[in-house]
Amino acid sequence: MTNTQIVEETIAFVKETLKGAEGGHDWFHIQRVFKNTLLIAKDEKVDVLVVSLGALLHDIADAKFNNGDETVGPKMASEFLTSLGVKKKIVEHVVKIIENISYKSSLGTKKLFTSKELQVVQDADRLDAIGALGIARAFNYGGFRNRELYNPEIAPNLQMTKEEYKASKAPTINHFYEKLLLLKDKMNTETGKELAKKRHQFMLEYLKQFYKEWNGNA
């Protein structure tokens, strides 16, 4: 099976698996991350098959929707790629990307796996978490979990542990300060850093307008 065929088979598998998924973690999210991954990869020396598969499979079974179990996604991806006859070394690299891509992984104390391929896919995923789409996804997920939009009496927790982050039920606006506004400075690649600037600025403008309207001043 050629690399192109492997990617096409993976796209079909992901589309089918994520049918009916929450709007911020559905096929369209994967598609955007995949496109951004290929865009960023143009300027980096990476294995294109690895970053392609990492992007396509990074949310195949997000722990948020699997009772917090972080092993489901990597296991599902590994079994699928192995069934296609993908080389063991590539499968293992893709699994490592899935295990280490999330923001909450950076809140842990253990030493993390890193590779240029992970950095590229991580930047692509983080880009989709900020800007206009990031705002839409944040409120979509907040609605999905029936969270408050904003509560002035609940301050953002800027020193969260990984477990606190996973268990958080804070208002969606807090999520901007606890994660989204921090991502610009956590980008790995030059392309990622550049693309993040405009999206970051858009979020700042949005928050300014949000507070004006919240307080009845606009």
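Read-outs: derived from the displayed coordinates by stated rules, not from any lab. Here the structure is a predicted model, which means the values were calculated and not measured. Glycine also receives a Cβ, built like all others from the backbone with ideal geometry; neighbour counts cover every protein chain displayed.
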Completion exercise
Restricting to lysines and to Cα separations under 17 Å from residue 166, and discarding same-chain partners fewer than 8 apart, the set is 64, 104, 110, 179
Completion exercise
To the nearest 10 degrees, the tilt of helix 131-144 (Cα long axis) against the first principal axis of the alpha carbons of the chain is 80 degrees
Exercise for the section: Calculate how steeply helix 3-17 sits against the longest principal axis of the alpha-carbon atoms of the chain, using the helix alpha-carbon long axis, and give the answer as 0 to 90 degrees to the nearest 10. Expected result: 50 degrees
Completion exercise
Phi angles of the range 197-204, converted by Karplus (6.51 cos²θ - 1.76 cosθ + 1.60, θ = phi - 60°) into ³J(HN,Hα) in whole Hz with x for Gly and Pro, give 4, 5, 5, 4, 4, 4, 5, 4
Exercise for the section: Would you kindly state how much longer the chain becomes between residue 16 and residue 140 on full extension, computed as 0.36 nm times their sequence separation minus their alpha carbon distance, in nm to one decimal? Expected result: 42.5 nm
Problem - Nearest 10 degrees, 0 to 90: helix 48-57 Cα axis against the chain principal axis - result: 50 degrees
Exercise for the section: Calculate the length of the line joining the C-alpha centroid of the range 175-204 to that of the range 8-33, in whole Å. Expected result: 24 Å
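Are there trypsin sites (Lys or Arg not before Pro) in the range 88-157 that DSSP puts in a loop and that have at most 15 other Cβ atoms within 10 Å, and which ones?
Numbers: sites: 88, 89, 96, 104, 110, 111, 116, 126, 137, 145, 147; in loops: 110, 111, 145, 147.
In loop regions of the range 88-157 (DSSP not H, G, I, E or B), the sparsely surrounded trypsin sites (Lys or Arg not before Pro) are 110, 111, 145.
With the contact rule set at Cα under 8 Å and sequence spacing of 6 or more, what percent relative contact order holds for the chain?
Details: 249 pairs, mean separation 43.3, N = 218.
Relative contact order here is 20 percent.
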Fill in the blank from the handout: Projected onto the charge dipole of the chain (unit charges on the beta-carbon of Lys, Arg, Asp and Glu, signs +1, +1, -1, -1), the Cα from 192, 167, 95 with the largest positive-side position is that of 192
Fill in the blank from the handout: Treating only Lys and Arg (+1) and Asp and Glu (-1) as charged, each at its beta carbon, one finds that the chain has a dipole about its Cα centre, in Debye to the nearest 20, of 340 debye
Exercise for the section: Taking the Cα centre of the range 1-56 as origin, sum charge times position over the Cβ atoms of Lys and Arg (+1) and Asp and Glu (-1), and report the length of that vector in debye to the nearest 20. Expected result: 120 debye
Handout entry: Among 158, 14, 61 the positive-end extreme of the charge dipole of the chain (Cβ point charges)
Key = 158
Handout entry: Nearby aspartates and glutamates by direct alpha-carbon distance to residue 42 (threshold 17 angstrom, same-chain neighbours under 8 apart not counted)
Key = 117, 123, 125, 190, 194
